[in-house]
């Protein structure tokens, strides 16, 4: 299973998105290996601009499992933010939470943001 980050969903849901990223997301969906968390869903809902987009997200909510953001994940995010700061690296707080979620559930993270490469190893 892989948690799909908003950065990859954006490519997957837009006609002009990266074909490579769209193909990776499609493969995860086809294999039943796609997952998301509430922060990803919030970011996607924040970007909804049309009724068509709303229908797509509602349809996805029926088939994609959500990895719950628990107190344990919040604590992992706090710890990850602290480690990032100590190493002089910064990332958007929502991405720290998403990385903490993937790390806690021990699932892969499908993304198109380079900072996740180090967020997953800090």
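The values are calculated or read from the model by the stated rules, or taken from the named source; none is laboratory data. Computed from a predicted structure; not experimentally measured. Heads up, the Cβs are rebuilt from the backbone with ideal geometry, glycines too, and the neighbour counts pull from every protein chain shown.
Values as computed for the structure displayed
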{"read-out": "Evaluation of residue 102 against (1) touching a residue at least 24 places away in the same chain (Cβ under 8 Å); (2) assigned to a helix (DSSP H, G or I); (3) out of contact with any strand residue (DSSP E or B) (no Cβ under 6 Å at 6 or more places or on another chain) (one fails), failing number", "value": "(3)"}
{"read-out": "Flag for residue 64 being within 14 Å of the chain's Cα centre (by Cα) and under 14 Å from residue 120 (Cα atoms)", "value": "no"}
{"read-out": "Selected residue [touching a residue at least 40 places away in the same chain (Cβ under 8 Å) and more than 20 Å from residue 8 (Cα to Cα)] from 97, 80", "value": "80"}
{"read-out": "Residue list for the stretch 14-50, filter: modelled with pLDDT under 95 and farther than 22 Å from residue 69 by Cβ", "value": "14, 15, 16, 17, 49, 50"}
{"read-out": "Residue count, the stretch 90-99 (criterion: in a loop (DSSP other than H, G, I, E, B) and touching a helix residue (DSSP H, G or I) at 6+ places or on another chain (Cβ under 7 Å))", "value": "2"}
{"read-out": "Residue within the stretch 105-114 that is in contact with a helix residue (DSSP H, G or I) (Cβ under 9 Å, 6 or more places away or on another chain) and surrounded by fewer than 13 Cβ atoms within 10 Å (Cβ to Cβ) present", "value": "no"}
{"read-out": "Answer residue from the stretch 70-89, given it is touching a helix residue (DSSP H, G or I) at 6+ places or on another chain (Cβ under 7 Å) and within 23 Å of residue 44 (Cβ to Cβ) and is surrounded by the most Cβ atoms within 10 Å (Cβ to Cβ) among those", "value": "77"}
{"read-out": "Those residues of the stretch 105-122 which are touching a strand residue (DSSP E or B) at 6+ places or on another chain (Cβ under 7 Å) and part of a loop (DSSP other than H, G, I, E, B), in sequence order", "value": "107, 120"}
{"read-out": "Members of the stretch 44-62 found to be surrounded by 12 or more Cβ atoms within 10 Å (Cβ to Cβ) and assigned to a loop (DSSP other than H, G, I, E, B), listed by number", "value": "47, 48"}
{"read-out": "Of residues in the stretch 23-43 being surrounded by 17 or more Cβ atoms within 10 Å (Cβ to Cβ) and part of a helix (DSSP H, G or I), the one nearest to the chain's Cα centre (by Cα)", "value": "40"}
